[in-house]
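**Student:** Let me begin by handing over the structure; questions about it come next.
The values are calculated or read from the model by the stated rules, or taken from the named source; none is laboratory data. If you're wondering where the values come from, they're calculated on a predicted model, not measured in any experiment. We place every Cβ from the backbone using ideal geometry, glycine too, and count neighbours over all the protein chains shown. The accessibility values were calculated without ligands, DNA or RNA, using every heavy atom of the protein model including side chains. Shrake-Rupley method; radii C 1.70, N 1.55, O 1.52, S 1.80 Å.
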Amino acid sequence: MTIVVDASVAVKWILPESGSSAAAALREQDSDLIAPSLVVAEIGNAIWKAVRHRALDQSDGLHGFEAALIWFQSLIPIEELHVRALALAIELRHPIYDCFYFALAERENALLATADEAMLAAARKAKIKVRRI
């Protein structure tokens with residue numbers, strides 16, 4: 001099975017927060033974990049915020065960033081998804097950032113894993129297979 005992992009889930013691999021255990025369990029499944037390449041920037045931004053707010057020190061943040069990316073079997077260039085992502089964003093009236101994940105899940109006929117409630121609702125509206133973490 002292929003699972004598209006949203007940044008809200010991947011960040012839980014690094015930062016201890018609600019849902020971290022469920023997010024970690026995804027890594028233990030016999031599944032290919034993939035994401036659009038945008039996930040790199042989104043994970044990095046979440047770590048930057050945690051370091052800035054002193055929830056994480058810089059060294060742990062840098063190490064966690066590298067570790068999180070290792071769990072992905074594949075990062076798909078957003079240039080492969082941009083047209084469908086924009087079409088979904090317009091159709092759903094939802095930010096294109098999330099729609100890159102939707103476009104990838106749709107293209108790969110994959111499950112989308114997210115911890116973001118707005119993204120969960122939009123994915124359901126788009127008839128994307130989705131699981132809340």
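**Student:** Taking the range 1-18 on its own, how many of its residues are crowded, with 20+ Cβ neighbours inside 10 Å, hydroxyl-bearing (Ser, Thr, Tyr) and modelled with pLDDT under 95?
**Tutor:** 0
**Student:** How many of the residues making up the range 8-18 are out of contact with any Phe, Trp or Tyr (no Cβ under 9 Å at 6 or more places or on another chain) and part of a helix (DSSP H, G or I)?
**Tutor:** Final tally of qualifying residues: 4.
**Student:** Do you know which residues across the range 47-78 are over 19 Å from Ser20 (Cα atoms) and of a type in the set (A, V, I, L, M, F, W, C)?
**Tutor:** Leu75, Ile76, Ile78
**Student:** Going by what's in this entry, would Ile47 be described as free of Cβ contacts under 8 Å to residues at least 60 places away in the same chain, closer than 23 Å to Glu106 by Cβ and assigned to a helix (DSSP H, G or I)?
**Tutor:** No; evaluated as a whole, the condition is false for this residue.
**Student:** For the range 43-79, what are the residues that are among the charged types (D, E, K, R) and surrounded by 12 or more Cβ atoms within 10 Å (Cβ to Cβ)?
**Tutor:** Lys49, Asp60 - these are the residues of the range 43-79 that are among the charged types (D, E, K, R) and surrounded by 12 or more Cβ atoms within 10 Å (Cβ to Cβ).
**Student:** Can you pull out every residue in the range 19-48 that is out of contact with any Phe, Trp or Tyr (no Cβ under 8 Å at 6 or more places or on another chain), of a type outside the set (A, V, I, L, M) and closer than 27 Å to Glu79 by Cα?
**Tutor:** Ser31, Asp32, Ser37, Asn45, Trp48
**Student:** Looking at the range 19-42, which of its residues are β-branched (Val, Ile, Thr) and open to solvent by less than 30 Å² (accessible area, probe 1.4 Å)?
**Tutor:** Across the range 19-42, the qualifying residues are Ile34, Val39.
**Student:** Kindly indicate the residue of the range 99-124 that is surrounded by 17 or more Cβ atoms within 10 Å (Cβ to Cβ) and over 14 Å from the mean Cα position of the chain (by Cα) and also nearest to Thr2 (Cα to Cα) among those meeting that condition.
**Tutor:** Only one residue fits best here, namely Glu106.
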